[in-house]
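The values are calculated or read from the model by the stated rules, or taken from the named source; none is laboratory data. Every value quoted in this text rests on a predicted model; they were computed, and no experiment measured them. Every residue, glycine as well, gets a Cβ built from its backbone with ideal geometry; the counts of neighbours run over all protein chains shown.
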Amino acid sequence: MNALEAFRKQYGAEPSGLWAAPGRVNLIGEHTDYNDGFVLPFALPQRTVAAVGPAPAGEWTVCSTFQDEAISFGHTEPGEVTGWAAYVAGVVWALVEAGHNVPGARIAIDSDVPLGSGLSSSAALESSVLTALVDLGGLDLPVEQRPRLAQRAENEYVGAPTGILDQSASIRCREGHALFLDCRSYEVEQIPFDLAAQGLAILVINSNAPHQHVDGEYGARRKSCEEAARILGVPALRDITGAQLDDALARLDDEVMRRRVRHIVTEDDRVLATVGLLRAGQVREIGPLLTASHASMRDDFEITVTQVDLAVDTALAAGAYGARMTGGGFGGCVLALIDADRADVVTAAVEEAYAQSGFTPPTAWTVTAGPGAGKL
């Protein structure tokens with residue numbers, strides 16, 4: 001059943017339209033977003049689709065192809081709607097909080113973005129619903145302002161302390177490009193990312209290890225970074241340059257905090273270097289930067305798990321130019337930059353390594369850079 005069929009079944013009517021928003025892969029730049037730094041995501045072909053039609057003012061109902069019952073709510077406050085529907089209620093709440101006259105709506109959701117995989121299924125859900133409600137209500141909300149509103153829904157309503165990377169990617173990405181985003185100014189640059197033209201591909205490997213954001217670990221990393229910035233007397237860790245890193249680390253007494261700071265500062269530098277190479281058309285050459293990013297996440301930010309590390313190491317041994325975990329960490333997916341004709345070989349190698357270690361089998365597929373949110 002797709003979103004259109006679900007809408008017809010639940011509401012006995014036709015929707016006003018279908019809106020879709022993608023999941024994302026972050027090519028490089030992990031946990032830099034809430035440090036006012038730089039990120040480089042691209043949109044996945046996998047999308048969340050929202051079939052949406054009008055309802056009486058102040059009334060919203062949402063159903064999905066992955067839950068049996070519909071959930072209805074009115075004007076709510078954070079915490080009043082829970083579970084997956086909180087992401088929808090949060091978007092309505094954030095729009096109302098921003099002064100918009102949000103239209104009542106009946107919504108049906110379908111998605112092929114893998115849940116809990118670090119590919120930002122939550123941002124895809126928020127962004128598809130947000131785009132639909134803006135269009136349905138004729139709301140004056142420019143595209144460049146939408147990611148911050150969707151982020152507020154996730155931060156303040158759902159309670160997940162994520163940065164702005166995911167929503168920006170889901171809303172602002174363009175097909176065939178990676179989105180170079182300055183998370184302080186919100187300025188974006190569309191960076192050409194046509195892998196096929198160079199005989200390359202990005203292989204996404206879902207470790208199938210559990211992936212959770214709404215827990216203590218993500219929040220602890222963010223708190224540590226914010227405290228370090230306070231101690232160092234800067235607005236955010238983005239303001240520490242690579243040349244200043246050693247001096248900054250010497251001013252921090254806590255070894256864990258030093259590792260966290262080192263990851264953020266060096267990761268920002270890796271994003272900038274990757275963008276420079278892509279602008280020059282040197283796609284293969286970004287591989288070592290991807291791999292260095294993973295080592296930093298593993299050793300300094302400590303957000304990887306055994307299955308993820310094994311997938312990275314195995315992909316590299318099987319010929320990948322570079323590989324890294326993507327997403328917030330503690331499970332989720334790995335991306336590997338490979339020759340396009342090596343996808344089956346690399347996948348088989350990772351599957352064999354998992355089997356030998358007794359892990360749940362991984363799933364893998366190649367991806368291209370798709371478009372951001374919009375009406376179908």
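The table below gives the values:
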read-out: Unique residue being crowded, with 20+ Cβ neighbours inside 10 Å, of a type outside the set (S, T, N, Q), more than 23 Å from the chain's Cα centre (by Cα) and at pLDDT 95 or above when the list is Val345, Val312, Val350; value: Val350
read-out: Residue among Val305, Val234 that alone is at pLDDT below 95, of a type in the set (A, V, I, L, M, F, W, C) and assigned by TED's automatic domain parsing to the domain that holds Val204; value: Val305
read-out: Qualifying residue in segment 59-71 (condition: under 22 Å from Pro147 (Cβ atoms) and either within 26 Å of the chain's Cα centre (by Cα) or free of Cβ contacts under 8 Å to residues at least 60 places away in the same chain (or both)); value: yes
read-out: Any hit, segment 332-340, residues being touching a Leu at 6+ places or on another chain (Cβ under 7 Å), at pLDDT below 95 and not small (Gly, Ala, Ser); value: yes
read-out: Residues located in segment 32-46, provided they are under 17 Å from Pro22 (Cβ atoms) and either polar (S, T, N, Q) or surrounded by fewer than 24 Cβ atoms within 10 Å (Cβ to Cβ) (or both); value: Pro45, Gln46
read-out: Evaluation of Ala51 against (1) surrounded by 24 or more Cβ atoms within 10 Å (Cβ to Cβ); (2) within 19 Å of Asp166 (Cα to Cα) (one fails), failing number; value: (2)
read-out: Complete set of residues in segment 127-170 that are among the acidic types (Asp, Glu) and touching a residue at least 60 places away in the same chain (Cβ under 8 Å); value: Asp135, Glu154, Glu156, Asp166
read-out: Test: Ser122 is in a helix (DSSP H, G or I) and either within 21 Å of Arg238 (Cα to Cα) or touching a Phe, Trp or Tyr at 6+ places or on another chain (Cβ under 6 Å) (or both); value: yes
read-out: Residues of segment 297-309 classified as under 20 Å from the mean Cα position of the chain (by Cα) and either under 22 Å from Ala236 (Cβ atoms) or not in a helix (DSSP H, G or I) (or both), total; value: 6
read-out: Single residue of segment 118-144 satisfying the filter (of a type in the set (S, T, N, Q) and at pLDDT 95 or above) that is surrounded by the fewest Cβ atoms within 10 Å (Cβ to Cβ); value: Thr131
read-out: Which listed residue, of Val81, Val62, is under 21 Å from Ala13 (Cα atoms), modelled with pLDDT of 95 or more and touching a helix residue (DSSP H, G or I) at 6+ places or on another chain (Cβ under 7 Å); value: Val62
read-out: Any hit, segment 278-296, residues being charged (D, E, K, R), in a helix (DSSP H, G or I) and touching a residue at least 60 places away in the same chain (Cβ under 8 Å); value: yes
read-out: Positions within segment 216-266 being touching a residue at least 24 places away in the same chain (Cβ under 8 Å) and assigned to a loop (DSSP other than H, G, I, E, B), in sequence order; value: Pro235, Ala236, Ile240, Thr241, Leu252
read-out: Residue list for segment 125-168, filter: in a helix (DSSP H, G or I), aliphatic (A, V, I, L, M) and within 29 Å of Ser207 (Cα to Cα); value: Leu125, Val129, Ala150, Ala153, Val158, Leu165
read-out: Verdict on Ala178 being under 17 Å from Thr48 (Cβ atoms) and either assigned by TED's automatic domain parsing to the domain that holds Val25 or out of contact with any Ser or Thr (no Cβ under 7 Å at 6 or more places or on another chain) (or both); value: no
